[in-house]
Ligand code: SF4
Ligand code: SF4
């Protein structure tokens, strides 16, 4: 029992965090919680301020990597240039692996991404033509996205740099499945990794040709297969482990814990209370214990109303103590299979 207590109350001081640079977005994707304003009560609409970012890096010099994207479009943050430059000076790697729509990016910003070695951009492009793309990416402009990729690649050549590495993410729907091969080819021509993903919402434009999509993607495309993945313990674990490995912080410093939680914050604020105290508050420490089955459900904890926690409790499958980072990275592949978090 003593070891359990020690593990439960071990101070969390992760080298990677997730910090939303912006929860604003100019697009209106039909299944998105940002577009539907569901994030408004707990998360709100706003942008990370440079002064908060600088203070966070100055006070927490052990930080090595920050994921900037989650609920909005990072390029709508008017202070992103200062954020990118300061992170480079402090040798902190920046990523947007959750995704960007890449519609509105100034030339100067495109060059900064290369000059300041922004590590990774996952660009959401669900189609290979404007007509198809804009059916989900409402208000988006396919030609503009492609133009921005070309310009970025041009800057990469000029600076002789591999960064940022680029991923073309294609969320598969019934209206775009026929363009998968062409999009794959375009991604290859642009030197981008290509990944296919299933939408979490199987009611919006469902896949029509299951055999074709399965052959192209290797993904669990039938409802039954997708259910098995989403109810599997490993799928949920890939999100829940964020509480330990890469906690999610809102643009204003609120502690959200994982990238799924948009309904209730944990105690504390990373900017005003300090990152380590906020990541080790009573409520998030209790949540970690809940996820390990060491404490019972408590109504004021965000996980208490999360489907992934409820599935875990029903199956009596708790997170193991002693998180293994390598295993986490491997398993995190699972969360890319399903477009669970709705955004990007
Ligand atoms: S149970 Fe839900 S809210 Fe809690 S950490 Fe896991 S995914 Fe996030
Ligand atoms: S899914 Fe992404 S691009 Fe679309 S509205 Fe939401 S935040 Fe914007």
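Which whole-percent values make up P(r) of segment 94-164 when all C-alpha to C-alpha distances are grouped in 10 Å steps starting at zero? That works out to 21, 50, 25, 3, in percent per bin. Place a point 7 Å from Cα of residue 58 in the direction of its Cβ. Which residues in segment 254-290 have their backbone N less than 16 Å from it? Label zone hits: 271-275.
With both partners inside the chain, how many of the DSSP beta bridges are antiparallel, as a percent to the nearest 5? Antiparallel bridges make up about 15 percent of those DSSP assigns within the chain. Give, in nm to one decimal, the length gained when the segment between residue 299 and residue 203 is fully stretched (0.36 nm per residue of separation minus the Cα-Cα distance). Here the segment from residue 299 to residue 203 would lengthen by 31.5 nm. Each of residue 211 and residue 120 was given a label point 7 Å from its Cα along the Cα-to-Cβ line. The distance between the two points is 3.6 nm. Scaling the Cα radius of gyration of segment 1-129 by the globular reference 2.2 N^0.38 Å produces a ratio of 1.20. Overall size of segment 128-200 from C-alpha positions, given as principal axis extents largest first: 40, 22, 21 Å.
Report the extension gain between residue 272 and residue 143 in nm, rounded to one decimal, defined as 0.36 nm multiplied by the number of residues separating them, less their alpha carbon distance. Each step should come with its number before you reach the end.
Values: separation 129, 0.36 × 129 = 46.44 nm, distance 4.21 nm.
Length gained, residue 272 through residue 143: 42.2 nm.
Label point of residue 158 set 7 angstrom out along Cα-Cβ; within segment 70-109, amide nitrogens under 11 Å from it belong to 107-109. Springs join every pair of Cα atoms under 10 Å in this Gaussian network model of the chain, and among 269, 60, 280 the largest mean-square fluctuation is at 60.
Among 92, 145, which comes first, second and so on when ranked by fewest other beta-carbon atoms within 10 Å? The partial results should precede the final answer.
Values: 92 20, 145 23.
Fewest-to-most ranking of 92, 145: 92, 145.
Note on 137, 117, 298: ascending count of other Cβ atoms within 10 Å places them as 298, 117, 137, the fewest first. Taking the three principal axes of the alpha carbon atoms in segment 81-133, the coordinate ranges are 42, 21, 13 Å, sorted in descending order. If R0 equals 30 Å, the separation of the Cβ atoms of residue 193 and residue 131 corresponds to a calculated FRET efficiency of about 0.75. Legend: ranking of residues 290, 186 from fewest to most surrounding C-beta atoms inside 10 Å; resulting order 186, 290. When only alpha carbons of the chain are considered, Rg and Dmax amount to 19.9, 61 Å.
How much length, in nm to one decimal, is gained on full extension between residue 45 and residue 182, taken as 0.36 nm per residue of separation minus their Cα-Cα distance?
45.8 nm
Dividing the Cα radius of gyration of segment 49-95 by its Kirkwood radius returns 0.93 for Rg/Rh.
Can you compute the FRET efficiency between residue 223 and residue 38 using 1/(1 + (r/R0)^6), with r the Cβ-Cβ distance and R0 = 22 Å? Round to the nearest 0.05. Present the calculation step by step, with values, prior to reporting the outcome.
Values: r = 24 Å, r/R0 = 1.08.
That gives a FRET efficiency of 0.40.
Any read-out appearing in this document is the output of simple, stated calculations on the displayed coordinates, not a laboratory observation. Predicted, not measured: the structure shown is a model, and the values here were computed from it. All Cβ positions, glycine included, derive from the backbone under ideal geometry; neighbour counts span all protein chains shown.
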